[in-house]
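What follows is a short report on a single structure.
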Amino acid sequence: MLKDLHKKYQLLLIVLFYLVISIVMYGFYKRSFIWAGDDVYYQFQRIMGLPANYKDGILYSNISPFNFGTFGYGVNIFYPWLTLIPFNIAFLIFGSWISAYYKTMLFYFFASLMISHYSMKRFSGSTRMAIFFAIVYNFSTYRLIEMYTRMALAEYLATIFLPLCFLGFYELFFGDGKQWQPLAIGMSLIILSHILSVFLCLIMFGLIMILFMFKLKFSKVRLINFSKAVIATIGCTLIFTVPFLLEESFQKYGVPDRQILQGQNLQKVIMASLEDNSLQVMSRGTYNIGSILLITIVLGLILFLKLPLLYKNIYITFVLTFILTTDIFPWKVFQNTPIEVIQFPYRFFMFVTLFGTVIMAWILTWIAHKLSYKSFSVMVLLVALVTGGLWMNSISRSSGKRLGNPQAGITEEMIKNNKIIDTYLEQYVPKNSQKMLYTKTKHQININGSSMIQKPKAVGDGNDFYITNVKKGDVIDLPFVRYKYTKAKFNNKQVPIGLSNRGSVQIIAPNNAKSVTIRMSYGNQRLSNIIFLLTVVSWIWVLGSKWFVETYRFYLTKDDMWIEL
């Protein structure tokens, strides 16, 4: 019993340590405005528009009725939104979107540290390595760039679950093959955060399986557990994937924000990494992996022969993936192929960071393996101070540029006066609507060929248009995007919708009326109820399994890297 209390005390110390790190990160990162990252307007509008995804106790994909141009834009049909819910809960508590953003980031800082620790503890069996991994991973330069410089919020959230996802992948194909839950939970949470990161993960899985094909393990048990992981992942993400896939198959869409595939200049990446540069590209910055991981490449090469075989393979994957992000790799070959949807090869830095941090954690553990508890504690603090100091210094040095300009970011005044700029409105709009999109953003209504301008009123989960002197048979062309489940009510009566020549919603007036309210909304209530229920049941199945009990016990197991107090 005394031993169990001692182990729980150690676990409590680790949790408190991570909580302190999270609070320090929050305190340094927090401002009275939202940093002016590359995608700040788009990502913050997504957060603010999420309440429209809640109706009658059911969460479901929906259009954006009061932002993103108020023309029925379906960002939360095509862009995962479940991991944004904590931001909305924080808003209900604190009453300020800016405060809600930073408080939720505090929550995610802590969650990331805990998930990182568990994943490495499970992978290596070493508490010491888990602590080093959690610290280095969460203070990594590229993850800072994701969150702060690029304000690629969805991608940053995906990196939180990346260690768990790759742990599950390793255990099923290279490990003991018994645990399928880590892959299911990790992949599900990435799907519910950022679809493109899922595609990148699948590419990495494929490359790793090709690179180490002779080390793959296959058996009936592994096949069964992999099937469980796939089924669980499908079930846990139905709430988003069903509307997404139905809409994708309903009509044609272009490649969002199409880019020329090109790796970054290797020399510039190295120089930016040495400086822990988190400047935006527009401020002549180069996205990079930071000095700690650059040092890891050198130290890993020096200590390569000392690395266990597994870590040798991870080091090789780490270096090859780093090369993949540079102009050394011929990315032009993949232009005009499905691969081009990744847009920017530097996105593979998320995997470089993951693999590189594993190697640095091993090196630090190798250095610390004979240290007493007190000496180890001092080393942990030093690692936290160095990596955290570099993280903070990077923010400080870049905050004097555009990033730290409140007027370039988002302020409370901008939120209050609805002055946040709409961006990327051409994304997730059908191809047949692209050409005349400007008429929708200007809110141009066409009735029997005559035009008028009217911005719709946001009402609950939809928008209202008000028209007078309508005659039966009038052709009403509304500045509203038509999706598969877009709906219209003519004075509270459901009416069929068609597609106008400009690719927008078209309604034929069913009767004469002096005054008409046309309510535009989105959704299939019956379908939403079914997939919501199936999603909840799937999560209960995964989280209700004995894996969680085993996880708690695993946290309390003693390993040879932990020296008793």
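Observations on the model:
Residues are listed down the side, and each one gets a yes or a no for (1) surrounded by 24 or more Cβ atoms within 10 Å (Cβ to Cβ); (2) among the basic types (Lys, Arg):
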| residue | (1), (2) |
| --- | --- |
| Tyr102 | no, no |
| Lys121 | yes, yes |
| Gly125 | no, no |
| Met129 | yes, no |
| Thr141 | yes, no |
| Met151 | yes, no |
| Ala158 | yes, no |
| Asp176 | no, no |
| Met187 | yes, no |
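- Residue within region 146-163 that is out of contact with any His (no Cβ under 7 Å at 6 or more places or on another chain), acidic (Asp, Glu) and at pLDDT 95 or above present: yes
- Long-range neighbours under 6 Å by Cβ, at least six apart or interchain, first residue of a type in the set (A, V, I, L, M) within region 206-219, second open to solvent by less than 50 Å² (accessible area, probe 1.4 Å): Leu216/Phe173
- Qualifying residue in region 79-93 (condition: under 30 Å from Asn529 (Cβ atoms), part of a helix (DSSP H, G or I), of a type in the set (Phe, Trp, Tyr) and open to solvent by 40 Å² or more (accessible area, probe 1.4 Å)): yes
- Residues in region 199-237 that are crowded, with 19+ Cβ neighbours inside 10 Å and of a type in the set (A, V, I, L, M): Leu200, Met204, Ile208, Ala229, Ala232.
- Looking only at region 401-424, and only at residues there that are of a type in the set (Ser, Thr, Tyr) and open to solvent by less than 60 Å² (accessible area, probe 1.4 Å), the one that is modelled with the highest pLDDT: Thr411
- Helices (runs of 4 or more DSSP H) wholly inside region 96-204 that include at least 1 residues being in contact with an Asp or Glu (Cβ under 6 Å, 6 or more places away or on another chain) and within 22 Å of Leu364 (Cβ to Cβ): 127-138, 141-144
- Test: residue in region 467-483 that is of a type in the set (Lys, Arg) and open to solvent by less than 40 Å² (accessible area, probe 1.4 Å): no
- The set of residues in region 337-375 being within 25 Å of the chain's Cα centre (by Cα), open to solvent by 10 Å² or more (accessible area, probe 1.4 Å) and of a type in the set (S, T, N, Q) consists of Thr337, Gln343.
- Filter result (surrounded by 18 or more Cβ atoms within 10 Å (Cβ to Cβ), touching a residue at least 60 places away in the same chain (Cβ under 8 Å) and not polar (S, T, N, Q)) within region 309-328: Leu324
- Within region 108-122, considering residues that are touching a residue at least 60 places away in the same chain (Cβ under 8 Å) and aromatic (Phe, Trp, Tyr), the one nearest to Tyr156 (Cα to Cα): Phe109
- Residue list for region 249-266, filter: assigned to a helix (DSSP H, G or I) and in contact (Cβ under 8 Å) with a residue 60 or more places away in the chain: Phe250, Leu266
- Region 537-565: number of residues that are modelled with pLDDT of 65 or more, in a helix (DSSP H, G or I) and open to solvent by 60 Å² or more (accessible area, probe 1.4 Å): 5
- Residue pairs meeting the criteria (Cβ under 6 Å; at least 6 apart or on separate chains; first part of a helix (DSSP H, G or I), in region 366-378; second open to solvent by 50 Å² or more (accessible area, probe 1.4 Å) and not basic (Lys, Arg)): Tyr373/Ile563; Tyr373/Leu565
- Any chance Leu293 is open to solvent by 20 Å² or more (accessible area, probe 1.4 Å), in a helix (DSSP H, G or I) and out of contact with any Ser or Thr (no Cβ under 6 Å at 6 or more places or on another chain): no
The values are calculated or read from the model by the stated rules, or taken from the named source; none is laboratory data. None of the values given here were measured: they were computed from a predicted structure. Methodologically, a virtual Cβ is constructed for each residue, glycine included, from the backbone with ideal geometry; neighbour enumeration extends over all protein chains shown. Note: accessible area is taken over every heavy atom of the protein model, side chains too, but ligands, DNA and RNA are not part of it. Shrake-Rupley method; radii C 1.70, N 1.55, O 1.52, S 1.80 Å.
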